[in-house]
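Read the figures in this text as sums done on the coordinates, not as results from a lab. What you are looking at is a predicted structure, and each value in this text was computed from that prediction instead of being measured. For neighbour counting, all protein chains shown are included, and Cβ atoms are generated from backbone atoms with ideal geometry for every residue, glycine included.
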Amino acid sequence: MSKEQDFNIPDYGELWRPRFHFSTLDSRVNDPNGLVFDGEKYHLYYQCVPQCDTRRGKHWGHATSTDLIRWREEGLALFPDELGAMWSGGGFMDLTNRSGFFTSLPEKRGIIIAYSTHTQHVGIAYSLDGGRSFQKLSTTEPVIPNPGLEAFRDPFLFFHEESGLWKMAIAGKKGILHIFESQDLRQWHLCSTDPSVNTECPALFPMTVEGSGEKKWILSCVGRDYYVGSFDGQRFYAETERLSMQEGPDAYAAIPFANMPDERTVMISWINAFHPVPDGKWNGAFTVPVDLRLVHHGETFRLLQSSVPELSSLFGKALLSLKDAQLTSNTDPLKGLRANSFFLSLTVDPYRSSPFTLTLCEGAEEGILLSYDPRTRLLTVDRHKSRFGPEEMSERNSLYSLFIDPAAEENGLLRLTLLVDVSNLELFIGDGFYYFVMRIHPCPASQGLSLRFEEELALKALQVIPCRSIFFGEAEEALLPTPPLPQGKGRLPAAVSFPVDDLRSIRGAANAAELGEGSVFLHKYGSGVGSVLREAEDFTLHTTLRLHGAGLARILFRAANAKNYYAVCFDALKGTVSLEKAEDGNVNCLCSAPLSPSVGAPMPLSLQANGTALSLSLNGTPLLAAKDDSYRAGLLALCVHVADATFEEIRITP
């Protein structure tokens with residue numbers, strides 16, 4: 001563990017943090033930058049906004065690995081300067097001191113990076129300490145100034161052996177591709193522009209066509225699409241149409257490692273996360289490293305992608321392993337299995353199978369559905385029954401369909417390979433013919449698996465293997481606390497669920513169900529969710545509140561509708577607890593006190609309403625008190641916004 005935090009979940013042990021996908025301890029991350037193998041270690045730099053320096057904007061964080069899988073955070077490597085915050089870029093391993101930057105080092109070699117700033121300029125820096133820190137050529141003047149374009153960023157640096165010159169591909173959102181060259185990395189000249197290519201994060205690199213020895217150049221467009229073609233040192237010439245590299249919604253900004261051995265091409269993408277993850281200080285993760293292969297595909301070319309074989313070092317003992325079985329509709333080979341961090345491989349004969357659905361992260365009310373219909377060759381991934389932290393993905397961005405080309409089959413068989421990791425899903429189809437990345441956000445208690453089909457399923461192979469954490473050893477992992485959520489009770493036991501902005505719609509529905517002693521877990525999605533307990537006039541409510549994120553929880557009472565109520569509000573983001581009164585939608589604070597609710601920490605509280613007297617005690621100590629005679633009776637309800645919350649052992653007395 002790297003350092004102590006102030007809540008009872010260990011560092012890297014938060015509820016929704018992926019176990020084998022790299023994420024940082026306490027920063028918001030996006031694009032991977034400057035991926036380099038130095039001969040001994042892999043270096044992953046990445047865009048981040050660290051908790052310690054949020055005012056200055058984006059930095060480059062740094063992590064290293066000896067096996068591409070287990071990453072160690074190394075701290076911040078690149079800092080904002082007079083030209084602005086540090087935006088995306090690329091890296092290169094100068095093995096022979098072509099740059100002249102490493103003359104003072106005994107090994108005469110080192111890492112060079114090209115970076116952009118939020119002001120849309122490009123700079124160069126190099127490291128004399130093995131990649132831990134960088135010396136910029138200038139902190140006041142760009143190496144390549146913006147030529148007057150709205151978007152001019154994300155430089156990809158490489159050395160072109162045929163011309164003996166340094167090259168750089170630069171673009172930017174809705175920006176056209178620019179290629180520059182230099183002899184000394186200080187003076188740069190424009191070689192070409194290509195208005196037909198508009199992309200962020202361009203990557204231009206050679207690959208050998210598998211089985212032929214033929215060399216082609218790949219132009220990756222932010223890791224979402226790519227072209228195969230040739231590069232003459234001045235201009236890239238596409239020989240294919242723009243091809244899809246990533247079929248899912250949530251992977252972006254992929255770039256390859258420089259200096260990989262054996263002509264290997266390995267890329268990493270950012271798994272999009274534009275909103276806070278509702279637990280801990282981390283936000284955003286990266287895909288597992290992906291191996292790329294270039295193959296002939298008819299008269300053209302195609303990239304095949306697969307997770308790197310090093311990932312198997314995290315595999316535990318198989319939960320299930322089946323081969324060659326003709327299953328009937330009353331058979332579910334996955335029945336009884338539970339997992340939320342695992343490798344799953346399913347191979348079927350689609351020509352002897354009915355449509356089937358594989359359900360992941362299944363619970364009483366949710367599940368991620370992966371379905372395939374052999375008749376239409378349509379594969380769909382549906383996450384609308386899985387709740388998503390701060391994003392309203394249950395209503396939008398939830399259903400994705402993909403027509404499976406027969407070329408994706410292997411000897412007439414369809415193989416689906418899944419990497420499911422708590423809050424991320426990666427899917428490889430066939431021999432990497434398609435690659436699909438999606439964020440998921442199920443309740444941690446939802447870990448069921450099922451495989452359902454209409455009539456029969458010609459199963460050739462099915463394997464489910466749990467994956468160990470990259471942050472903890474097996475012994476440490478066994479000691480991690482159980483997530484502080486009710487297990488096996490359903491999401492809202494003995495309560496009525498309602499959207500926060502439509503409280504009045506449930507008035508009288510099921511008579512606002514009675515709830516005695518019990519627990520309620522509120523899993524926030526969209527604008528908020530709540531649970532109505534009962535009508536209440538004078539009462540005392542005892543409960544223990546746990547907030548699983550930097551959002552807020554409210555206890556509404558004497559509520560007539562969504563615009564008129566009293567509430568006690570626990571705001572983890574502002575660090576306050578307050579008594580509020582809402583009148584016709586206008587919320588006024590009656591009184592407040594400072595509070596720093598730790599993520600997941602228990603907060604025993606008592607809320608009392610007695611006539612005009614309203615009060616709150618925390619940990620047995622009076623904290624808030626006010627008098628108001630606006631409302632004397634109404635609904636008593638629990639609500640949550642932005643984060644998830646657990647209200648434990650609720651007791652309500654007159």
Scattering curve values for the stretch 87-159, log₁₀ I(q)/I(0), Debye with Cα scatterers, q = 0.11, 0.12, 0.19, 0.25 Å⁻¹: -0.28, -0.33, -0.74, -1.11
CD proxy at 222 nm, helix term only [per DSSP H run n ≥ 4: -39500 (n - 2.57); per residue of the chain; nearest 500]: 0 deg cm²/dmol
Cross-link pairs LYS281/LYS574; LYS385/LYS563; LYS58/LYS173 - those with Cα-Cα distance over 23 Å: LYS385/LYS563
Loop-located trypsin sites (Lys or Arg not before Pro) in the stretch 88-136 whose Cβ has at most 15 other Cβ within 10 Å (DSSP): LYS108, ARG132
Tensor-based shape of the stretch 264-356 (alpha-carbon gyration tensor, a/c under 1.5 rounded, otherwise prolate or oblate): oblate
Quarter of Cα convex hull surface for the chain, i.e. mean projection, nm²: 31.6 nm²
J(HN,Hα) series, the stretch 56-70, from Karplus relation 6.51 cos²θ - 1.76 cosθ + 1.60, nearest Hz, glycine and proline x: 8, x, 6, 10, 9, x, 8, 9, 10, 8, 9, 9, 6, 10, 9
Prolate/oblate/rounded call for the stretch 120-215, Cα gyration tensor, a/c under 1.5 rounded: oblate
Selection of GluC sites (Glu not before Pro), the stretch 289-385, meeting DSSP coil and at most 13 other Cβ within 10 Å: GLU299
The stretch 1-143: C-alpha gyration tensor shape, a/c 1.5 cut-off, then a/b vs b/c: oblate
Hull shadow area, averaged, the stretch 27-310 [alpha-carbon convex hull, nm²]: 14.8 nm²
Cβ-based net charge around ASN146, under 13 Å, with every Lys or Arg adding one and every Asp or Glu removing one: -2
Coarse-grained scattering of the stretch 315-467 at q = 0.10, 0.16, 0.18, 0.20 Å⁻¹, given as base-10 log I(q)/I(0) from a Debye sum over alpha-carbon atoms: -0.32, -0.86, -1.11, -1.38
Inter-part distance where the stretch 417-437 and the stretch 153-183 are each reduced to a Cα centre, Å: 31 Å
Local net charge near SER329, Cβ-Cβ under 9 Å (Lys/Arg +1, Asp/Glu -1): -2
